[in-house]
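The values are calculated or read from the model by the stated rules, or taken from the named source; none is laboratory data. A quick note: this is a predicted structure, and the numbers were derived from the prediction, not measured. Heads up, the Cβs are rebuilt from the backbone with ideal geometry, glycines too, and the neighbour counts pull from every protein chain shown.
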Amino acid sequence: MKRKPRPYGKFKTQNSCPDVTGLVGNAHPTVLSPVTCHPPTPPPSNPSTLKPIHPHTPAMVTFAPQSLSLHQTESTLALGRWLGERLTAGTVLLLQGDLGSGKTTLAKGLGQGLGITEDIDSPTFTLISEYLGGRLPFYHVDLYRLEGKAVDNLYLETYWDGLEFPPGIVAIEWAERLRHLPPAPLRVALTHRDGGRHVVLAPADVTQATLLETLTPDALLVDEV
Ligand SMILES: Nc1ncnc2c1ncn2[C@@H]1O[C@H](COP(=O)(O)OP(=O)(O)OP(=O)(O)O)[C@@H](O)[C@H]1O
Ligand SMILES: [Mg+2]
């Protein structure tokens, strides 16, 4: 018997294939999976040629990353401030990059943008710092000294599952060491370039992507690459 065709479903829109160079840090390149990327497929014009999406196939939508040059420390701080003023509660930033690439500097800017007046230092030894004096709680994590099970034992998910801690902004340095990723993290990959830094911000959902579209070099007084 001939199977009844399924009704034609939605067709995902696909941004152009993002340049994910630098999204995966050098230290543990295999831990974080790169951004999913499929070449764009224009929808066929004749509906009879459309293939229905299988109901059990998860939709895979990717968003274009944003790249910027950060010529000086002040530019990294400015980027952090810009994000800190705008990100919504529950956002988890995965800060990736080699030693000295600017992760803590960006976190300092985030804190400033959130309106936190306390000085934000690297929590390399304390592992997690919590700042509650801004417009949202800010949880700053540094995984440099940890690996494997020791990372799991921090139960970082309690900072984003909304059960134990009020939702805020979570920034994780050395995020390559996470073994379980939060849902929809904003990936921020920093690299050394020409005496300054280069950053690639990879949004994971439409809210982050829409916000990053408004991140112009003018907003930070930095040059776009
Ligand atoms: N855009 C930039 N251009 C030049 N120097 C920068 C820039 N951003 C940050 N720096 C400088 O880089 C140095 C290291 O920065 P930071 O401590 O933030 O790096 P990090 O990635 O947190 O390092 P670690 O891997 O040790 O945690 C600091 O002296 C900071 O001022
Ligand atoms: Mg640091």
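Remarks
- Once the stretch 194-216 is narrowed to residues that are in a strand (DSSP E or B), away from ligand 2 (no atom under 16 Å from the Cβ) and not small (Gly, Ala, Ser), the residue that is surrounded by the fewest Cβ atoms within 10 Å (Cβ to Cβ) is His198.
- Residue in the stretch 137-149 that is out of contact with any Phe, Trp or Tyr (no Cβ under 9 Å at 6 or more places or on another chain), under 27 Å from Gln72 (Cβ atoms) and surrounded by 15 or more Cβ atoms within 10 Å (Cβ to Cβ) present: no
- Gly90 vs. criteria surrounded by fewer than 21 Cβ atoms within 10 Å (Cβ to Cβ) and closer than 17 Å to Pro185 by Cα: yes
- Sole residue being free of Cβ contacts under 8 Å to residues at least 12 places away in the same chain, away from ligand 1 (no atom under 16 Å from the Cβ) and of a type in the set (S, T, N, Q), chosen from Thr158, Thr88: Thr158
- Scanning the stretch 120-136 for residues that are over 22 Å from Asp205 (Cα atoms) and either of a type in the set (A, V, I, L, M, F, W, C) or surrounded by 24 or more Cβ atoms within 10 Å (Cβ to Cβ) (or both) turns up Ile120, Phe125, Leu127, Ile128, Leu132.
- Every pair of residues 6+ apart whose Cβ atoms lie under 7 Å, when the first sits in the stretch 119-137 and is closer than 19 Å to Thr158 by Cα and touching a residue at least 40 places away in the same chain (Cβ under 8 Å) while the second is of a type in the set (A, V, I, L, M) and surrounded by fewer than 17 Cβ atoms within 10 Å (Cβ to Cβ): Leu136/Ala89
- Output for the stretch 71-86, where each listed residue is crowded, with 22+ Cβ neighbours inside 10 Å and farther than 15 Å from Lys108 by Cα: none
- Residues considered: Thr117, Thr76, Thr105, Thr91. Of these, the only one that is among the polar types (S, T, N, Q), at pLDDT 95 or above and under 21 Å from Thr207 (Cα atoms) is Thr91.
- Taken as a whole, the condition of being touching a residue at least 60 places away in the same chain (Cβ under 8 Å) and more than 13 Å from ligand 1 (Cβ to nearest atom) does not apply to Thr104.
Residues checked against (1) outside any strand (DSSP E or B); (2) in contact with an Asp or Glu (Cβ under 8 Å, 6 or more places away or on another chain); (3) modelled with pLDDT of 60 or more; (4) among the polar types (S, T, N, Q):
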| site | (1), (2), (3), (4) |
| --- | --- |
| Val24 | yes, yes, no, no |
| Pro29 | yes, yes, no, no |
| Ser45 | yes, no, no, yes |
| Leu99 | yes, no, yes, no |
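- Figure legend. Inter-residue proximity from the stretch 68-84: first residues in a strand (DSSP E or B), second residues at pLDDT 95 or above and surrounded by fewer than 20 Cβ atoms within 10 Å (Cβ to Cβ), beta-carbon distance below 6 Å, spacing 6+ or different chains. Indicated pairs: Leu70/Gly196.
- The stretch 93-119, subset hydroxyl-bearing (Ser, Thr, Tyr) and crowded, with 18+ Cβ neighbours inside 10 Å, residue nearest to ligand 2 (Cβ to nearest atom): Thr104
- Among the residues making up the stretch 120-154, those that are within 15 Å of ligand 2 (Cβ to nearest atom), within 12 Å of Ile172 (Cα to Cα) and not in a strand (DSSP E or B) are Ser122, Pro123, Thr124, Leu127, Leu143, Tyr144.
- Matching residues, the stretch 77-92, being in contact with a Leu (Cβ under 7 Å, 6 or more places away or on another chain) and within 16 Å of ligand 2 (Cβ to nearest atom): Leu79, Gly80
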